[in-house]
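Below is one structure, written out as structure tokens; the observations come after it.
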Amino acid sequence: MTCRSWGQYNFETFDGLYYYFPGRCTYTLLRDCEDTTSSSIIVQVHNDPGCQASTYNCTRSIRLFLPWEGEVRLHSTNVTFNGQRLELPHHIHDLELEQISHYVLVTQQQGFTLAWDGHSGSVYIKLSPEFVGRTCGLCGNFNADVQDDLKTSYGVLTADVDMFGNSWMEAEPHQAGCPMVPSGFSSPCVGLDAQVLLKVEEVCAMLLEEPFRSCHAFVSPLPYMASCTNDLCLSSPSGDVVCQVFTEYARACAHADSPLNDWRKHILQCGVIYEDGRCVSPSDCPCEYHGMVYSTGQMVQEDCNNCTCIGGLWNCTEHTCAVAFELLIPQLNTVEGGGGGGGVLDKMSHSPELGAPWPYLNRLDSMTLSAGEQQGLSGFVVGGGGGGENLDGACIQSVSLVFDEDPRSEITLSHLGEVFRAGQYRISLPYSDEMFHIQELSSMFLQVSTTLGLQLHYSWMDFRLYLRLDPSWKDDTLGLCGTFNGNTQDDFL
């Protein structure tokens, strides 16, 4: 469930109650009303006191009061902390702030996620389940009951939006008092010409048709039809606000995992897109990559592929790239991924439940991480050790490579950083033959390169292992590293 506010005056609580509140002051959006100490975060919205017809162009900001720390302020174009401008990404203890496309994303682990679009003044907040029934403010109490969301700051349940909203107004220091919203305030549509009202109704009714209809089962269009009516009565049924209204519904659908693809081409007013303060055609839209914005025609490299920005979408080559497996005690990842400790080749991760972390290796002779029949690799093996005196507490006793099931080809790296050939002959580094090249990269890492497109790095001091395979290995691996076929569903074969 998401609390959201858009167009300055439109609000929807966590429990899904929409209301229109034309306040131009500072209000508490969210606070933990079960925690009466100063240790909980407070979120406030500062509405534009001079906001006129086009509410999506009003200067709005968000304030987060952090316990014992100070104030984070999200402005339309920048972020400040205690008055000092921040460069994103930035961490403040357990609070992470980052820029993702047009959004500033504020995340507190096991707490909340807040997304802020400073250009349109739209804000979206999600909470972790531990806050169920604990919150108060303009976002409501997060208890899945819309009937009790309009509770004032002094604990009175009311049906009057003005009474509810005014109660959460916050005084701004060193500023003149902000006027309250009058009791029984009128709808912005009151007094408009009948022809204008008819046009407003016609435009907003488009939310009931395709392409929006496909999302109705996930997000009710009724609150957005109400906000559409209010917004267009304030501005115009033919201006830029029309596209903003539909954008908000499309965002809600995306939040509900029911994205509306290509919806803009169905709306005449949305033939151009508002981008960085100007209207551009869809073919000129930029692309976003790792928080950076790239113009149409610009290129970035992702592994061995080149991606070109074309009309807001990345068009990438489809070369098969080399992949890597990573093993970090005490977790594993298969070759196609990343995660807590190791990675599979098909981008998934697993952390085997081996009793206590890795002491299970005391009961293992070895684990086959990868084997490739076509490449002639009989096994790439991590040998079980354990924490005994003889192994100095090591959890990996050895790492071995065997080709064509020939023990004479075996290369073994011990937990002491020694290298053995055929399981018994210690060799000095650097070492090269027709199959292997082995060298010390540093005092910590050994590198083994093979003529078959396999390379590994082994840190024998802190038990880290990295395996890299060339594209020729695709569809030819088994073991804990996975299958290297682009399919995460069969990595546990």
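Computed values, structure above
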| read-out | value |
| --- | --- |
| Filter result for the condition that a residue is at pLDDT 75 or above and out of contact with any helix residue (DSSP H, G or I) (no Cβ under 8 Å at 6 or more places or on another chain), over 345, 313, 332 | 313 |
| Segment 92-129: number of residues that are in a loop (DSSP other than H, G, I, E, B), buried (at least 20 other Cβ atoms within 10 Å of the Cβ) and touching a residue at least 60 places away in the same chain (Cβ under 8 Å) | 2 |
| Condition met for residue 205 (small (Gly, Ala, Ser), loosely packed, with under 15 Cβ neighbours inside 10 Å and more than 21 Å from residue 3 (Cα to Cα)) | yes |
| Any hit, segment 12-21, residues being among the hydroxyl-bearing types (Ser, Thr, Tyr), open to solvent by less than 10 Å² (accessible area, probe 1.4 Å) and free of Cβ contacts under 8 Å to residues at least 60 places away in the same chain | no |
| Of all residues making up segment 151-176, the number that are crowded, with 16+ Cβ neighbours inside 10 Å and in contact with a helix residue (DSSP H, G or I) (Cβ under 7 Å, 6 or more places away or on another chain) | 2 |
| Cβ-Cβ under 7 Å pairs, at least 6 apart or on other chains, segment 46-57 side over 14 Å from residue 243 (Cβ atoms), far side open to solvent by 30 Å² or more (accessible area, probe 1.4 Å) and of a type in the set (Gly, Ala, Ser) | 53/235 |
| Pairs with Cβ under 7 Å, 6+ apart, first in segment 228-254 and under 16 Å from residue 212 (Cβ atoms), second of a type in the set (Phe, Trp, Tyr) and not in a helix (DSSP H, G or I) | 248/6; 253/218 |
| Lone unmet requirement of (1) at pLDDT 90 or above; (2) open to solvent by 50 Å² or more (accessible area, probe 1.4 Å) for residue 230 | (2) |
| Residue within segment 270-292 that is more than 21 Å from residue 237 (Cα to Cα), modelled with pLDDT under 75, open to solvent by less than 90 Å² (accessible area, probe 1.4 Å) and within 20 Å of the chain's Cα centre (by Cα) present | yes |
| Among the residues listed as 86, 74, the single one being under 25 Å from residue 172 (Cα atoms), in contact (Cβ under 8 Å) with a residue 24 or more places away in the chain and either of a type in the set (Lys, Arg) or open to solvent by less than 30 Å² (accessible area, probe 1.4 Å) (or both) | 74 |
| Residue within segment 73-90 that is part of a strand (DSSP E or B) and within 16 Å of the chain's Cα centre (by Cα) present | yes |
| Residues being within 15 Å of residue 403 (Cα to Cα) and either surrounded by 13 or more Cβ atoms within 10 Å (Cβ to Cβ) or touching a helix residue (DSSP H, G or I) at 6+ places or on another chain (Cβ under 8 Å) (or both) - total across segment 433-455 | 10 |
| Subset tally (residues that are outside any loop (DSSP other than H, G, I, E, B) and on the phi > 0 side of the Ramachandran plot) for segment 151-187 | 0 |
| Hits in segment 235-250 (condition: in a helix (DSSP H, G or I) and either touching a Phe, Trp or Tyr at 6+ places or on another chain (Cβ under 8 Å) or at positive phi (or both)) | 241, 243, 244, 245, 246, 248, 249, 250 |
| Residues within segment 456-493 that are in a loop (DSSP other than H, G, I, E, B), under 16 Å from residue 419 (Cα atoms) and either open to solvent by 60 Å² or more (accessible area, probe 1.4 Å) or modelled with pLDDT of 80 or more (or both), tallied | 2 |
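The values are calculated or read from the model by the stated rules, or taken from the named source; none is laboratory data. Just so it is clear, the model here is predicted, and its values are computed rather than measured. Positions of Cβ are generated from backbone atoms using ideal geometry, with glycine treated the same way; all protein chains shown enter the neighbour counts. These accessible areas exclude ligands, DNA and RNA; they are computed on the full protein's heavy atoms, side chains included. Shrake-Rupley method; radii C 1.70, N 1.55, O 1.52, S 1.80 Å.
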